[in-house]
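Down below is the structure, laid out as structure tokens.
The values are calculated or read from the model by the stated rules, or taken from the named source; none is laboratory data. These figures come from a predicted structure and were not determined experimentally. In this analysis, Cβ positions are derived from the backbone assuming ideal geometry, glycine residues included, and neighbour counts consider all displayed protein chains. Accessible surface areas use protein heavy atoms only, side chains included; no ligands, DNA or RNA. Shrake-Rupley method; radii C 1.70, N 1.55, O 1.52, S 1.80 Å.
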There are 2 protein chains.
Amino acid sequence: MSIPIDAEAMRCYGAAARAGPIARPERGDGTTAGRAAGTAAVSGEHSGPGKGAHMRIVAVHDGILPISSSIRNAWIDFNQMDCSIVAVVSDVVRDHKPLVGYGFNSNGRYGQQDILRRRMIPRLLAAAPGDLLDETGENLDPTKAWDVMMTNEKPGGHGERSVAVGVLDMALFDLAAKIASVPLARLVADRYGDGTPDARVAVYAAGGYYQPNKGVRELQDEMQGFLDAGYVRVKIKIGGAPLADDLARIEAVLHVLGGNGDALAVDANGRFDLDTALEYANALEPYGLAWYEEPSDPLDYATHAEIAARYRGALATGENLFSHQDARNLVRYGNVRSDRDIFQFDPALSYGLVEYRRTLAMLGEHGITPQRCIPHGGHQFAVHLAAALHLGGNESYPNEFFPAGGFADNAVIDNGLLALSSTPGIGIEEKAELYRAMRALHD
Amino acid sequence: MSIPIDAEAMRCYGAAARAGPIARPERGDGTTAGRAAGTAAVSGEHSGPGKGAHMRIVAVHDGILPISSSIRNAWIDFNQMDCSIVAVVSDVVRDHKPLVGYGFNSNGRYGQQDILRRRMIPRLLAAAPGDLLDETGENLDPTKAWDVMMTNEKPGGHGERSVAVGVLDMALFDLAAKIASVPLARLVADRYGDGTPDARVAVYAAGGYYQPNKGVRELQDEMQGFLDAGYVRVKIKIGGAPLADDLARIEAVLHVLGGNGDALAVDANGRFDLDTALEYANALEPYGLAWYEEPSDPLDYATHAEIAARYRGALATGENLFSHQDARNLVRYGNVRSDRDIFQFDPALSYGLVEYRRTLAMLGEHGITPQRCIPHGGHQFAVHLAAALHLGGNESYPNEFFPAGGFADNAVIDNGLLALSSTPGIGIEEKAELYRAMRALHD
């Protein structure tokens, strides 16, 4: 299958920046002149900045990638969904090629080219090398790059911008791990964790969307397919149909799951008001489900708190909170329960790993362990973070959001566990179609 | 003075949409074919859709407008700030020209071309006319247009997107008022208010930024200039200098103000942690200032609540909260005091008037009157809303954010009051440089 990446929307930053349709030369894009893509000195195997020299970012390319789908949840239709992709080209050469870091954003929030092109990428390229590097000068410190990207950004308003920064943060970490010649999980465990990444990560299969002509039988077939593929826990949507219909769907899926409620999660995508959320809560409780996800508006912490006071099972939320400040408000005001609830903040939509670590630290101050975190999105980046930081697992969309979402093409799920690969970086090179789109940005 | 609007960044939606650098024809932009700019039947004076016919939007044009400035607050430098501008062209003809609605976004959050071009504008143009119109079919109902623009948008994450929607909401209301041949304040008062807009709106002069080579004497001169221009209340920044220096600045300004603390507000731009905020609070309290603005992170309601428990004067905040849900969290958790505190939500950054009315309704449920609202931004749109909905006033930046910010070129401030003009719509036609930029979008 060929992915129609949008060639017209592709863009290189570097010396070519002045020519672009949105670039504003008067705003200083010219500071990047001379760092054009392809000007990196490609000479020698495993050459690099050398002793005492600093590695440099020589170009950042971006594009839009459709992740279209016919699916629909209780809130939106995904048939026009897309994401941003970026390639950060360094002057570090291995096997006669410059190392390149790749990033993309997770599903649900669209690509963010304008914020990338007019704010984040120019700031990165205008930075002095020392403002982006670790103490050795031979590798990136994405924490420092984060501060550079957020220069002249006001506080609050965490959405969209958080996606753009997340895309670049992912690419910078991919590049940093490639420079270190280790999988990202190893780099993150060494820099920020206990040095011992998990070898496998628990993943659950998210699906069960509402689709035209999809009845209970087709839903059961979809779930059986997940089990056949090696998953042991699945998730379906609720709230896009009347309660009675949703309960019939749940019971049909539980039949496929051998009646094991803990193998099924349900997701309302923030659609319910308090009364409806409680009506569902009462109906769901006897099933003993793995969790009841996003019953109410993600920012309506008071309603979430009331649901948590009434529903004894686990609640899950967080995929639509994009900063540690928003996450902190959930914890402060949402009546979350550290012994059961699930936190689904998605680093690829939320200012990246740099911000995710702030969120984990905040959770820790409130007695909530990383084990309670299962990121939204079903992407490779979060798998590495889950392994490195001992999160509770990761989402997976086996049938959706191709080609950005999902894991390596040859990934095997065994008893609900995904083994990490040993490829340096995130492993986007192991997803042929996504890698093809990424390479088209800079080749 | 000539404003360098970015011609390369200008864009027309209509039949030309397929040709653009970011447009994705496969996403349905082609639904607008045949509605190109200039195809409106320009015939006859004051012609319109006619009895039984529906008015239509025939094109939406957008561009980027620099609002550069050398100013700096406690958080960011504004020297690369810009905003989006849009022109919504209708098929309603008056004086042989189609009526056009104009919108722009307020300062501080940059232009939002990508969200406009790939999400909001295509949805508006793809809508059936009936999905945008009031019951007469002869004018727009921006409330319905809001739902169209927010189709396939997930809940939460209110930032950037809120700016894009705000720009279009402003243009739609400008156009609706022009179709009704009334100033926007009259339209809003008739549709949503008590039918009696205020003739004048209290405005205060915001300035007092930190700038290179700007000492206390220059600060005093700036403030005296505001008084000479007819203002009676001024605002200066704090938090960009040590407390002792800021107190010296405050006392110098109070000297210009004849010692009247109520004539001076101070703004920390969300910079302080709790300890610093309280240190300032203790030092500020004896001055009896008009208000102490945004002492802490806009989403850190708990810190705001602690400050409110200790500071007896008025606190002001809200310019960095972009939805009624975020505003509601401030009210729920921020220990706000309905008898003194000031709410500065900026409709031009926050999904427009449609959302602002939700916020006002929420405030009312908590016993907070419109009189407590003084919007951020210093733009004409908010002046009309202030007059129509009896807000407490409006900000003004006499020396900044030209040409988007500010009021009519011939506006007179008398005893701190700005008289509304009788021009149909917002009155952007009375700001020559802004109007020139707007006309360049579609002429």
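Descriptive notes on the structure:
- Count of region A:153-182 residues which are buried (at least 24 other Cβ atoms within 10 Å of the Cβ) and either among the β-branched types (Val, Ile, Thr) or more than 14 Å from chain B (Cβ to nearest Cβ) (or both): 14
- Looking only at region A:283-299, and only at residues there that are in contact with a helix residue (DSSP H, G or I) (Cβ under 8 Å, 6 or more places away or on another chain) and part of a helix (DSSP H, G or I), the one that is most open to solvent (accessible area, probe 1.4 Å): A:287
- Residues that are touching a strand residue (DSSP E or B) at 6+ places or on another chain (Cβ under 6 Å) and among the polar types (S, T, N, Q) were ranked within region B:85-112; the one that is nearest to the other protein chains (Cβ to nearest Cβ) is B:112.
- Total residues in region A:223-241, condition of a type in the set (Lys, Arg) and not in a strand (DSSP E or B): 1
- Within the set A:117, A:123, the sole residue that is free of Cβ contacts under 8 Å to residues at least 40 places away in the same chain, more than 24 Å from residue A:319 (Cβ to Cβ) and surrounded by 20 or more Cβ atoms within 10 Å (Cβ to Cβ) turns out to be A:123.
- Pairing residues of region A:327-338 that are farther than 12 Å from residue A:308 by Cα with residues that are among the β-branched types (Val, Ile, Thr) and in a helix (DSSP H, G or I), at Cβ distances under 6 Å and at least 6 apart in sequence or on separate chains, gives A:327/A:359.
- Of residues in region B:409-420 being more than 16 Å from residue B:377 (Cβ to Cβ) and of a type outside the set (Asp, Glu), the one surrounded by the most Cβ atoms within 10 Å (Cβ to Cβ): B:420
- Total residues in region B:300-332, condition assigned to a loop (DSSP other than H, G, I, E, B) and closer than 17 Å to residue A:325 by Cα: 7
- Residue within region A:190-211 that is buried (at least 22 other Cβ atoms within 10 Å of the Cβ) and under 30 Å from residue A:55 (Cα atoms) present: yes
- Among residues of region B:291-340 being within 20 Å of residue B:106 (Cβ to Cβ) and aromatic (Phe, Trp, Tyr), the one that is farthest from the other protein chains (Cβ to nearest Cβ) is B:291.
- For region B:201-214, the count of residues that are under 26 Å from residue B:412 (Cα atoms), over 19 Å from the mean Cα position of the chain (by Cα), at pLDDT below 95 and not aliphatic (A, V, I, L, M) is at least one.
- Within region B:333-352, the set of residues being in contact with a helix residue (DSSP H, G or I) (Cβ under 6 Å, 6 or more places away or on another chain) and outside any strand (DSSP E or B) comprises B:333, B:334, B:335, B:345, B:347, B:348, B:349, B:350, B:351, B:352.
- In region A:206-254, the residues that are small (Gly, Ala, Ser) and farther than 25 Å from residue A:108 by Cα: A:230, A:244, A:248, A:252
- Looking across region A:223-240, the residues that are open to solvent by 20 Å² or more (accessible area, probe 1.4 Å), more than 23 Å from residue A:282 (Cα to Cα) and in contact (Cβ under 8 Å) with a residue 12 or more places away in the chain come down to A:224, A:225, A:227, A:229, A:232.
- Candidate set: region A:421-439, residues that are buried (at least 17 other Cβ atoms within 10 Å of the Cβ) and aliphatic (A, V, I, L, M); chosen: the one farthest from residue A:65 (Cα to Cα): A:426
- Meets criteria (buried (at least 24 other Cβ atoms within 10 Å of the Cβ) and over 24 Å from residue A:326 (Cα atoms)) for residue B:388: yes
- Residue within region A:131-152 that is in a helix (DSSP H, G or I), at negative phi and either more than 22 Å from the chain's Cα centre (by Cα) or within 9 Å of chain B (Cβ to nearest Cβ) (or both) present: yes
Conditions (1) in contact with a Lys or Arg (Cβ under 8 Å, 6 or more places away or on another chain); (2) within 15 Å of residue B:351 (Cα to Cα); (3) modelled with pLDDT of 95 or more; (4) in the same structural domain as residue B:359 (by TED's automatic domain parsing), marked per residue:
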| position | (1), (2), (3), (4) |
| --- | --- |
| B:124 | no, yes, yes, no |
| B:130 | no, no, no, no |
| B:133 | yes, no, yes, no |
| B:144 | no, yes, yes, no |
| B:147 | no, yes, yes, no |
| B:153 | yes, yes, yes, no |
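- Count of residues meeting criterion [out of contact with any helix residue (DSSP H, G or I) (no Cβ under 7 Å at 6 or more places or on another chain) and either assigned to a helix (DSSP H, G or I) or at positive phi (or both)] in region A:109-130: 6
- Restricting region B:241-273 to residues that are crowded, with 17+ Cβ neighbours inside 10 Å and within 14 Å of chain A (Cβ to nearest Cβ) leaves a set whose member that is farthest from the chain's Cα centre (by Cα) is B:272.
- Residue that is farthest from residue A:280 (Cα to Cα) [pool: residues in region A:189-222 that are assigned to a loop (DSSP other than H, G, I, E, B) and of a type in the set (Gly, Ala, Ser)]: A:195
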